[in-house]
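Down below is the structure, laid out as structure tokens.
The values are calculated or read from the model by the stated rules, or taken from the named source; none is laboratory data. In this text, all values refer to a predicted model and were calculated from it rather than measured experimentally. Using ideal geometry, Cβ is built from the backbone for each residue, glycine included, and neighbour counts are taken over all protein chains shown.
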Amino acid sequence: MFSVLQYPFIHNAFLAGSLVAIVNGVLGYFLVVRGLTFAGHALSSIGFAGAAGAVLLGIPPAYGLLAFTIGASLVISTLSSETSRRDVAIGVTMTFALSLGILFLSLYHGYAEMAYSILFGTIVGISQNDVILSAMLGLGVLAVLSVLWRPLLFSSFDPEVAEVRGLPVRFLNVFYLVLVAVAVSIAMQVIGVLLVFALLIGPSATAIRITDHPMRAVALSVCLGLVYTWAGILLAAASNWPVSFFITAISFGVYLPVRLLAGQKRARFPIKQLGKKSVTILDKE
Amino acid sequence: MTMPEPIIYLDQVDVCLGNVFILQHISLSIKPGEFIVILGPNGAGKTTFLKLLLGLVKPCTGEVLVFGGPPQCGLQEIGYAPQRRMLDTETALCARDLVGFGLDGHRWGTGWPSRRRTEVIDQALEEVDALDLAEAPVGQLSGGEQQRLLLAQALLAEPRLLLLDEPLANLDPAHQQEAVALVDKIRRKRDTTVLLVSHDINPLLRFTDQVLYMAHGHSAIGTPEEVITSETLSQLYDTSVEVVQTKGRYFVVGAEV
């Protein structure tokens, strides 16, 4: 069973998967604290339409994906910050994009595997060139994030004061979503556009339930993402079931108990008593 | 003896939003180190006035000078604590980090954790009596506790001008007194100019140099004795208002304060 691990395609899978886990682990933290998780999911669905359209036109799907996700991120970042209104606008657009994707796929008379790989990823079909390209893009994103770390953090938790202190809050909002668009495009090869959520949001949503310190949350998010990805590849190698299924299932399986247990932990945080006076309630006659 | 250059100077300033005049014909001059309390009913333009000084809102006419130049965002000499709603209960941030934004949140890069940085932040927490909350998740704290953290955040920048928008709103009377005393202590130590928006002048009377009273687009500035009178407030509100002074405190009758 584990003899398959000696093959180069598995090495590429581990490399590409690790890269995606690291980049998404860091980026996803800000998606969660900024309340943009639905927007992140929408980016990947809208990207699917772009990828399918590219396939129909005969160009590599990654270009269509990037074009559509970056375009969508520019639009989403200009929408109002009132969550329910924004989410309706995003939801309606995302659903339309998905339907466009279905249209493009139905018009495409080529290999059906192409559609499958866009939707669910072909981590075992990644070439060395893909790994190198993804690594360059991914390292670029990480470098930018390390420069933007404190401003992104400040504008995520306290945008009003951040603006007063001179931070270009609106620019950061737009630029950040563009980075997410790039990360989603890299992740497509590994896990496919429909399941990106599992690596983009799963690990960081779990991490912030465990710690309140940003640096530790990001580190934990990255570790979780790496564990999910490696476990997913190994389990897929052992069972022949899809890698993206295992990654998603593990991501879900870890998040659920952490969420439930963390709710209990918060309830036990001691509330400071102002004084020891007791209050006697008089019964009404 | 030369007069010190005013830290804030307004000359016949109007601020409008669309066709509505929020503020009309405001002219004033505030000297460094003064403690100014801004009073007035909700919607009078108090927050707009602060945003004018921060460069977030532009006047349609008139001149505004802060530190001798036009207002702009990013002036490190200004500390600002805006009016607050409660933070989401699940906010994943501890008090120390929230306060720490005031120190270096605006700098690029990740920064190095250093003992000196932690000491400075802990000292700020100590000053607002919130050191034992340092590790607490901010969403779980009461409104008053969050308010104190945000005051510490504004003070950390060591500002020459401190703009506080209703900092006493969620505080019980004991903590109100402590907060005002702290702001005044810092003001005297660093010669900071303080503009504090409030609904009640009484906890602040001891420290107030001038009152800027805003109502219905009009404003009046002067000492509490000059401004908080039946005549002045009746003019501002354009209706009959009576001010009752008893036991050294002011009570406004007949209008929303």
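Below are the figures for this structure:
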item	result
Qualifying residues in region B:163-177 (those that are surrounded by 18 or more Cβ atoms within 10 Å (Cβ to Cβ) and of a type in the set (A, V, I, L, M)) - the one farthest from residue B:73 (Cα to Cα)	B:171
Check on residue B:125, over 17 Å from the mean Cα position of the chain (by Cα), more than 9 Å from chain A (Cβ to nearest Cβ) and more than 30 Å from residue A:259 (Cα to Cα)	yes
Members of region A:179-194 found to be at pLDDT below 85, closer than 30 Å to residue A:261 by Cβ and surrounded by 24 or more Cβ atoms within 10 Å (Cβ to Cβ), listed by number	A:190, A:191
Filter pass, residue B:156 being within 20 Å of the chain's Cα centre (by Cα) and crowded, with 16+ Cβ neighbours inside 10 Å	yes
Condition check for residue B:39: buried (at least 18 other Cβ atoms within 10 Å of the Cβ) and either at the interface with chain A (Cβ under 9 Å from one of its Cβ atoms) or modelled with pLDDT under 90 (or both)	no
Failed item, numbered, when residue B:107 is tested on (1) in contact with a strand residue (DSSP E or B) (Cβ under 9 Å, 6 or more places away or on another chain); (2) surrounded by fewer than 15 Cβ atoms within 10 Å (Cβ to Cβ); (3) assigned by TED's automatic domain parsing to the domain that holds residue B:132	(1)
Failed item, numbered, when residue B:12 is tested on (1) over 24 Å from residue B:81 (Cα atoms); (2) surrounded by 15 or more Cβ atoms within 10 Å (Cβ to Cβ)	(2)
Region B:189-218, subset among the charged types (D, E, K, R) and without any contact (Cβ under 8 Å) to a residue 60 or more places away in the chain, residue nearest to residue B:51 (Cα to Cα)	B:200
From the options B:177, B:83, residue that is in contact (Cβ under 8 Å) with a residue 60 or more places away in the chain and of a type in the set (S, T, N, Q)	B:83
Selected residue (criterion: farthest from residue B:33 (Cα to Cα)) from residues of region B:48-79 that are more than 13 Å from every other protein chain (Cβ to nearest Cβ) and part of a loop (DSSP other than H, G, I, E, B)	B:60
Leading residue by the ranking (surrounded by the most Cβ atoms within 10 Å (Cβ to Cβ)) among those in region B:138-148 that are modelled with pLDDT under 90 and within 11 Å of chain A (Cβ to nearest Cβ)	B:141
One residue from A:98, A:148, A:105 being in contact (Cβ under 8 Å) with a residue 24 or more places away in the chain, within 14 Å of chain B (Cβ to nearest Cβ) and assigned to a helix (DSSP H, G or I)	A:148
Test result for residue B:111, at pLDDT below 90 and within 25 Å of residue B:193 (Cα to Cα)	no
Residue tally, condition over 19 Å from the mean Cα position of the chain (by Cα), more than 8 Å from every other protein chain (Cβ to nearest Cβ) and not in a loop (DSSP other than H, G, I, E, B), over region B:80-110	3
Qualifying residue in region B:208-216 (condition: of a type in the set (Gly, Ala, Ser) and over 25 Å from residue B:174 (Cβ atoms))	yes
3 or more residues within 14 Å of another protein chain (Cβ to nearest Cβ): qualifying helices (runs of 4 or more DSSP H) within region A:194-244	A:202-210, A:214-239
Residues of region B:147-166 satisfying the condition of being over 16 Å from residue B:124 (Cα atoms) and part of a strand (DSSP E or B)	B:161, B:163, B:164, B:165
Test: residue B:157 is of a type outside the set (Asp, Glu) and either more than 29 Å from residue A:148 (Cβ to Cβ) or more than 8 Å from chain A (Cβ to nearest Cβ) (or both)	no
